[in-house]
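Enquirer: Submitted below is the structure of interest, expressed as structure tokens.
The values are calculated or read from the model by the stated rules, or taken from the named source; none is laboratory data. Source: prediction; values computed, not measured. We place every Cβ from the backbone using ideal geometry, glycine too, and count neighbours over all the protein chains shown. Accessible surface is based on the protein model in full, side chains and every heavy atom, while ligands, DNA and RNA are left aside. Shrake-Rupley method; radii C 1.70, N 1.55, O 1.52, S 1.80 Å.
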Amino acid sequence: MLLKSEPSAIAAFLEDTSNLKSGWTPGVCFPETLEEIAALLREAHADGRRYTIAGNGTGTTGARIPFGDYVIAMQKLDRIDEVEVLGDDKAMLHVQGGALLQDVQAKAAAAGWFYPPDPTEKTCFIGSTISNNSTGSRSLKYGPTRNYVQALKIALPQGDILKIERGEHFADTEDRFTIDLPIAGRVTFRLPDYTMPKTSKHNAGYWSKPGMDLIDLFIGSEGTLGVILEATLLLRPAPESVIACLAWFQSEEELLDFVGKARTGSGGVSPRALELFDRRAQEFLRQSYPEIAQETAGAIYFEEETTADAEDTCLEAWLDLMEACGSPVEKSWAALDSEGLQKLREFRHQLPVLVNEWLSRQSESKVSTDMALPDERFAELFRLYRDACDREGFTYIIFGHIGNAHLHLNILPRNHEEFVRAKTLYRQLVSDVLAMGGTLSAEHGIGKLKSEYLVQMYGREGIMEMVRVKKAFDPYLTLNVGNMIPKEYFE
Ligand SMILES: Cc1cc2nc3c(=O)[nH]c(=O)nc-3n(C[C@H](O)[C@H](O)[C@H](O)COP(=O)(O)OP(=O)(O)OC[C@H]3O[C@@H](n4cnc5c(N)ncnc54)[C@H](O)[C@@H]3O)c2cc1C
């Protein structure tokens, strides 16, 4: 196993897309086998080492950035097996934690199957998407990554390798798990007592539900409970055909009306994705797409799965709905084949790229939200963000998964004074969203940047319950310390 410590080799591991600075590491390990990872962890306490797990660095919360830890780089563990077909509508794919999401999706597609989780950024590792319970636009129909994880092989912090198959280990009537392990011995703990929000997307803190499956504790635990070595993923039959379209609106109220009707299936539509680009997002996108009309108040991108026979009817239902909500049908951008679909996806991906380019020319970082409300409250979330930012006079954009009431607000400070005000507003918005029954993070996780706000969500007692779970697996605090749970709670 390679261990690199020269500055040029480790520099990339000191960043992700969060702009969090001042990470440092004595060295980056590049394990090539599962056993090498287990051995690193087994010897960590005796060696006086801590480890941070690195995926591919597309995370937004500083979670993979080490502050003195050694790094376990997952990139050499990238095997993807052949698709295993188990029936007409069921297949599985066995992968290693460092496999790229886009390669996993391509492997499934080449065999005529479909892996639904689709974070906009496809160059992430599958192990990271599991540790973050990642979601994407298609989660409106298919739900989060959690729904597609059938089995995991995990290296636990003391060096045991644990295999978990969904459906095998459930919490007992007192919400307790007991696991006997060769190295760690008996691990026993009670799940946190907090109630999780009723949002359709949620990735903030340990998963905790009465009678839950043990596998769900590890999914979304941000690498704090173990290294995901391998996963068995559930595949779905590939849809025969997908239509996609960008519908433009001249008023925000018409746009919100369209979302409300589309998500409840008005006129027979059945979207698998409903994504917002607000007016300010259009202004960014116009740099790459000058054909975007000046008068637009925003756009909704939608996708629906259909069949070749039903395509026309499906499209007609959407056009009727657009017309009914005041969207000029002739100006919409529709995609009826894979090339068109790819172009619209590229359009979606351009937004964060353009925002990041803008930010690289500024001295201040953006302040961004990843919060969600219960689905039916999507318009309230939009208005909350819009009104607050307009009041403050900020440059900002609002975009993302409006069908799941999960919107990304990016405040783009032009100077330090604005950055400080944006942080103050962020704290206020967190309070507002939590009071409305929302979640602090729907998909990006907590990492190092948002752990103080997790305290706002679950309170000191909730955090201490997470500490007890963490310490049951990781008594020497070896793995991903500083992620999710603020460090001071371990003292
Ligand atoms: C432009 C852009 C768009 C994005 N869109 C989405 C989106 O639509 N939906 C979404 O959910 N996210 C999105 N993200 C966020 C990001 O892509 C995901 O969080 C992704 O899962 C991170 O993967 P990574 O391999 O880059 O992980 P990293 O950033 O390297 O690490 C992320 C976390 O995973 C942990 N980790 C990595 N590998 C393992 C492992 N094998 N076992 C245990 N823990 C591990 C790390 O320790 C860290 O805590 C987006 C990011 C960008 C930049």
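Enquirer: Tell me whether segment 354-368 contains one or more residues that are more than 30 Å from His416 (Cα to Cα) and either of a type in the set (Gly, Ala, Ser) or modelled with pLDDT of 95 or more (or both).
Expert: No, segment 354-368 contains no residue that is more than 30 Å from His416 (Cα to Cα) and either of a type in the set (Gly, Ala, Ser) or modelled with pLDDT of 95 or more (or both).
Enquirer: Separate question: Determine which member of the set Tyr453, Tyr385, Tyr458, Tyr476 is of a type in the set (Phe, Trp, Tyr) and farther than 20 Å from Lys201 by Cα.
Expert: The conditions single out Tyr476.
Enquirer: Another one. Are any residues in segment 71-81 in contact with a Leu (Cβ under 8 Å, 6 or more places away or on another chain) and either closer than 17 Å to Pro26 by Cα or surrounded by fewer than 21 Cβ atoms within 10 Å (Cβ to Cβ) (or both), and if so, which ones?
Expert: Ile72, Asp78, Ile80, Asp81, listed by residue number.
Enquirer: Inside segment 365-402, can you point out the residues that are outside any helix (DSSP H, G or I) and either in the same structural domain as Ala262 (by TED's automatic domain parsing) or open to solvent by 30 Å² or more (accessible area, probe 1.4 Å) (or both)?
Expert: Those that are outside any helix (DSSP H, G or I) and either in the same structural domain as Ala262 (by TED's automatic domain parsing) or open to solvent by 30 Å² or more (accessible area, probe 1.4 Å) (or both): Ser365, Lys366, Ser368, Gly393, Thr395, Phe399.
Enquirer: Can I ask one more? Quick one: count up the residues across segment 26-76 that are assigned to a loop (DSSP other than H, G, I, E, B), within 14 Å of the ligand (Cβ to nearest atom) and in contact with an Asp or Glu (Cβ under 8 Å, 6 or more places away or on another chain).
Expert: 11
Enquirer: Pick from segment 432-457 the residues that are open to solvent by less than 30 Å² (accessible area, probe 1.4 Å) and assigned to a helix (DSSP H, G or I): which of them is farthest from Ser128 (Cα to Cα)?
Expert: Among those residues, the one meeting the criterion is Val433.
Enquirer: Still on this structure: For Gly265, all conditions in the list (1) within 24 Å of Lys141 (Cα to Cα); (2) of a type outside the set (Phe, Trp, Tyr); (3) in contact with a helix residue (DSSP H, G or I) (Cβ under 6 Å, 6 or more places away or on another chain) hold save one; what is the number of the exception?
Expert: Only one criterion is unmet by Gly265, namely (3).
Enquirer: Can you tell me which condition Lys201 does not meet? The list is (1) modelled with pLDDT of 95 or more; (2) charged (D, E, K, R); (3) more than 16 Å from the ligand (Cβ to nearest atom), and all the others hold.
Expert: The one condition Lys201 does not meet is (3).
Enquirer: Another one. Filter segment 458-478 for residues that are part of a helix (DSSP H, G or I) and open to solvent by less than 40 Å² (accessible area, probe 1.4 Å) and give the result.
Expert: Tyr458, Gly459, Gly462, Ile463, Glu465, Met466, Val467, Val469, Lys470, Ala472, Phe473
Enquirer: Still on this structure, I have one more. Give the residue that is nearest to Ala372 (Cα to Cα), with candidates limited to residues of segment 113-122 that are at pLDDT 95 or above and open to solvent by 20 Å² or more (accessible area, probe 1.4 Å).
Expert: Phe114
Enquirer: I'm trying to understand the selection: among the residues of segment 207-249, which are of a type in the set (D, E, K, R), open to solvent by 10 Å² or more (accessible area, probe 1.4 Å) and within 14 Å of the ligand (Cβ to nearest atom)?
Expert: Correct list: Glu230 only.
Enquirer: Could you grab me the full set of residues in segment 348-363 that are more than 12 Å from the ligand (Cβ to nearest atom) and either among the polar types (S, T, N, Q) or surrounded by 18 or more Cβ atoms within 10 Å (Cβ to Cβ) (or both)?
Expert: Within segment 348-363, Ser360, Gln362, Ser363 meet the criteria.
Enquirer: Taking segment 123-157, which residues are part of a loop (DSSP other than H, G, I, E, B), out of contact with any Lys or Arg (no Cβ under 7 Å at 6 or more places or on another chain) and surrounded by 21 or more Cβ atoms within 10 Å (Cβ to Cβ)?
Expert: Asn132, Ser134, Gly136, Ser137, Leu156, Pro157
Enquirer: Go through the residues of segment 92-106 one by one and say whether even a single one is assigned to a loop (DSSP other than H, G, I, E, B) and open to solvent by 20 Å² or more (accessible area, probe 1.4 Å).
Expert: Checking segment 92-106: not a single residue is assigned to a loop (DSSP other than H, G, I, E, B) and open to solvent by 20 Å² or more (accessible area, probe 1.4 Å).
Enquirer: In segment 318-330, how many residues are surrounded by 16 or more Cβ atoms within 10 Å (Cβ to Cβ) and part of a helix (DSSP H, G or I)?
Expert: Qualifying residue count, segment 318-330: 4.
Enquirer: For the list (1) among the small types (Gly, Ala, Ser); (2) farther than 30 Å from Tyr148 by Cβ; (3) within 16 Å of the ligand (Cβ to nearest atom), I need the number of the one condition that Ser22 fails.
Expert: Here Ser22 clears every test but (3).
Enquirer: Being within 18 Å of Lys487 (Cα to Cα) and either touching a residue at least 60 places away in the same chain (Cβ under 8 Å) or surrounded by fewer than 19 Cβ atoms within 10 Å (Cβ to Cβ) (or both) is the requirement here; does Thr61 meet it?
Expert: Against the criterion (within 18 Å of Lys487 (Cα to Cα) and either touching a residue at least 60 places away in the same chain (Cβ under 8 Å) or surrounded by fewer than 19 Cβ atoms within 10 Å (Cβ to Cβ) (or both)), Thr61 qualifies.
Enquirer: Picking from Gly87, Gly97, which residue would you name as being of a type outside the set (A, V, I, L, M, F, W, C) and more than 16 Å from the ligand (Cβ to nearest atom)?
Expert: Unique residue meeting the criteria: Gly87.
Enquirer: Can you tell me which residues in segment 137-166 are within 12 Å of the ligand (Cβ to nearest atom) and free of Cβ contacts under 8 Å to residues at least 24 places away in the same chain?
Expert: Selection gives nothing.
Enquirer: Quick one: would you say Leu3 is within 16 Å of the ligand (Cβ to nearest atom), outside any loop (DSSP other than H, G, I, E, B), over 12 Å from Ile65 (Cβ atoms) and modelled with pLDDT of 95 or more?
Expert: no
Enquirer: Which residue pairs have Cβ atoms closer than 6 Å, lie 6 or more positions apart in sequence or on different chains, and pair a first residue in segment 23-46 that is of a type in the set (A, V, I, L, M) with a second residue that is open to solvent by 30 Å² or more (accessible area, probe 1.4 Å)?
Expert: Going by the 6 Å Cβ cut-off, the qualifying pairs are Val28/Lys4; Ala38/Ile161.
Enquirer: A follow-up question, please. From the residues in segment 436-491 that are of a type in the set (Ser, Thr, Tyr) and in contact (Cβ under 8 Å) with a residue 40 or more places away in the chain, which one is nearest to the ligand (Cβ to nearest atom)?
Expert: Step by step, filter segment 436-491, then rank; the result is Ser441.
Enquirer: Quick check: anything in segment 412-426 charged (D, E, K, R), surrounded by fewer than 24 Cβ atoms within 10 Å (Cβ to Cβ) and closer than 29 Å to Asp257 by Cβ?
Expert: no
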